Amino acid sequence: MTDLSTTASAPAAAMVQAEDVWKSYDNTPVLKGITLQVSPGEVFLLLGPSGSGKSTFLRCINHLETIDAGRLMLDGELIGYDERSGRLYEKKPRDVARQRRQVGMVFQQFNLFAHRTALENVMEGPVQVAGLAKSEARDKATALLDRVGLADRRHLYPNQLSGGQQQRVAIARALAMEPKLMLFDEPTSALDPELVGEVLDVMRQLAADGMTMVVVTHEIGFAREVGDTVAFMDAGVVVESGRPDDVLLNPQQARTQAFLSKVL
Amino acid sequence: MTEGSDVMATPEPLKVVPLRHPGRWAAMAVIAVLLAMLVHALATNPRFNWPEQAKYGFTPAIRQGVLTTLWLTVAAMVVGVVLGVVLAVMRLSPNPVLRNAAWIYIWVFRGTPVLVQILVWASLGALFPRLGLGIPFGPQFVEADTFSLISGFSAALLGLGLNEAAYMAEIVRAGLLSVNEGQWEAAGALGMRRSQILRRVVLPQAMRVIVPPTGNETISMLKTTSLVAYVPFAELLFQTQAIYAKTYQVIPMLLMASLWYLAMTSVLMIVQYYIERYYARGSVRQLPPTPWQRVRARLERRRPRVGEHS
């Protein structure tokens, strides 16, 4: 295993804390001992070739996947399990849902609810999960859509929006739950090159507002500009991590150098 | 647009001699002859006995039969759809007990003839002379004679509805599976629970896939209700049979009943069209106009043209 400690803050203060996380699909290991830490307010970027396990790791943080070994904690709390007197107990669906509420997730394929307008998409969580009154949720959703520059498109259905607009609605939908952590799973990979910028702009603004973010991306320029920490993953391990300029401009590991020479 | 755009004239449309379709004319001629023969036969053959059909077509007994058929169709479909959704959700449940229970239900009710099921419900008393409610294997609180408990209508409803549920379960399951897994994940990431995701996100989107075969099932059900004439239960076919048992005009009366069935299925098809349109929201960018809207648009287009000529 490689040296992974990136930030020197105390463990209790970490938003995400992974200690030797392992995960296999049908005996094929996908994550082979991931240890890393994301501090509050940090923008943490995961880079690496496809199949390196970065999306799987991101999904573990939201308990969309379960881990086989190690410990994965969100804001000091184990993800998906309760620990009582040294034993792990599976969380009830209700408690898993409660934990997920604290984490917003943005997907590569947007996954907007196709049968609801942009506004209804953003209102869904606050009304159904947080129990907000409809009028209150509508105001909140309108404000959020305004924040991502789509207030005038709020009554359109997802298939009437461009990819970039859909992804911005998806970000607004995640923000509507007031998460303490935002996960982005290749948010611009399904977009036309022209539309990437508008999504990155929204994310840049979010980072500037102090949101804690874990982003799986291939956008090296964005990583350098916005990222606080970059971790390069390959074949289920973190090969190298550190400040973006160090990792991206002066990579120490041969694997990282080889990857960056192709991407840049 | 550049400044030249308003100078530029729309280009002259192409002048094309349209392709001739002699095959279409030939087909039309053949079909016209066949149609003429059919109309001629219907109009001149006295054995169709139209006056007899008209005489009995709207008698109180037939009207009652039509209403009963409609009511039984609706009631059986409601039972079928509600129970079918429950069974489909059970089949996709993470709970293995529910999953297998639903599988066994579908296996039994889809695997045996619906006529047998109807007759078994109608003569349940032959299997269980008395039905009671109480502690399993213990004392009964209420008990009643089965034959007095299960009327012709309840036997018909149970037979048709429970059988339909098995088919509807598979239709609903197909619909639920057609919804992208990403929808489950996105809703789960918001903190929605399984029941909420099903109700708010997945089922509404599955409806697009569920509605067309459900319309098919409803039309099929309307005609399958004729089986309960053997319960016996006084729906349309039963009333029709009662007439020809006296008049011996078997075929004219069966044709008359068929015309009623055809009229009712036609109405159902119109209802289905509008339900499908409703659930197409969000999946097609622009809904095509309904036939009615098309007719109205054509009339409105014609009106100013009339004005020009006058």
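The values are calculated or read from the model by the stated rules, or taken from the named source; none is laboratory data. The structure displayed is predicted, hence computed values, not measured ones. Note: ideal-geometry Cβ built from the backbone for every residue, glycine included; neighbour counts use all protein chains shown. Just so you know, the surface numbers come from the protein's heavy atoms only, side chains and all, with ligands and any DNA or RNA stripped out. Shrake-Rupley method; radii C 1.70, N 1.55, O 1.52, S 1.80 Å.
Structural remarks
- Note on the stretch A:81-101: residues that are more than 13 Å from chain B (Cβ to nearest Cβ) and assigned to a helix (DSSP H, G or I) total 0.
- Taking first residues from the stretch B:178-201 that are at the interface with chain A (Cβ under 7 Å from one of its Cβ atoms) and partners that are charged (D, E, K, R), the Cβ contacts under 6 Å between residues at least 6 apart in sequence or on separate chains come to B:Ala189/A:Arg100; B:Gly191/A:Arg100; B:Gly191/A:Arg101.
- Options B:Tyr279, B:Tyr244: the member that is open to solvent by less than 80 Å² (accessible area, probe 1.4 Å), touching a helix residue (DSSP H, G or I) at 6+ places or on another chain (Cβ under 6 Å) and within 14 Å of chain A (Cβ to nearest Cβ): B:Tyr279
- Scoring B:Ile118 on the criteria (1) over 25 Å from A:Pro93 (Cβ atoms); (2) open to solvent by 60 Å² or more (accessible area, probe 1.4 Å) leaves a single failure, condition (2).
- Residue under evaluation B:Val172, criteria (1) more than 14 Å from chain A (Cβ to nearest Cβ); (2) exposed (fewer than 15 other Cβ atoms within 10 Å of the Cβ); (3) of a type outside the set (D, E, K, R); (4) closer than 28 Å to A:Phe113 by Cβ, criterion not met: (2)
- A single entry from A:Arg168, A:Arg173, A:Arg204 fulfils the requirement of being part of a helix (DSSP H, G or I) and open to solvent by 40 Å² or more (accessible area, probe 1.4 Å): A:Arg204.
- Taking the conditions (1) free of Cβ contacts under 8 Å to residues at least 40 places away in the same chain; (2) surrounded by fewer than 20 Cβ atoms within 10 Å (Cβ to Cβ) in turn, A:Gln102 satisfies each one other than (1).
- For the condition in a helix (DSSP H, G or I) and either under 27 Å from B:Lys223 (Cα atoms) or of a type in the set (S, T, N, Q) (or both), B:Ser93 does not qualify.
- Restricting A:Ala114, A:Ala118, A:Ala151 to those that are more than 9 Å from chain B (Cβ to nearest Cβ) and touching a Pro at 6+ places or on another chain (Cβ under 8 Å) reduces the list to A:Ala118.
- Residue within the stretch B:205-217 that is touching a residue at least 24 places away in the same chain (Cβ under 8 Å), more than 18 Å from the chain's Cα centre (by Cα) and away from every other protein chain (no Cβ under 14 Å) present: no
- Only one entry in A:Leu78, A:Leu72, A:Leu132 is among the aliphatic types (A, V, I, L, M), surrounded by 16 or more Cβ atoms within 10 Å (Cβ to Cβ), more than 11 Å from chain B (Cβ to nearest Cβ) and touching a Cys at 6+ places or on another chain (Cβ under 9 Å), namely A:Leu72.
- Test: A:Pro179 is in a loop (DSSP other than H, G, I, E, B), under 18 Å from B:Leu190 (Cβ atoms), more than 11 Å from every other protein chain (Cβ to nearest Cβ) and within 21 Å of the chain's Cα centre (by Cα): no
- Residue tally, condition among the hydrophobic types (A, V, I, L, M, F, W, C) and surrounded by fewer than 21 Cβ atoms within 10 Å (Cβ to Cβ), over the stretch B:208-228: 4
- Enumeration of residues in the stretch A:184-200 that are open to solvent by 40 Å² or more (accessible area, probe 1.4 Å) and in contact (Cβ under 8 Å) with a residue 60 or more places away in the chain: A:Ser189, A:Ala190
- For the stretch A:34-50, filtering for residues that are of a type outside the set (S, T, N, Q) and part of a strand (DSSP E or B) leaves 8.
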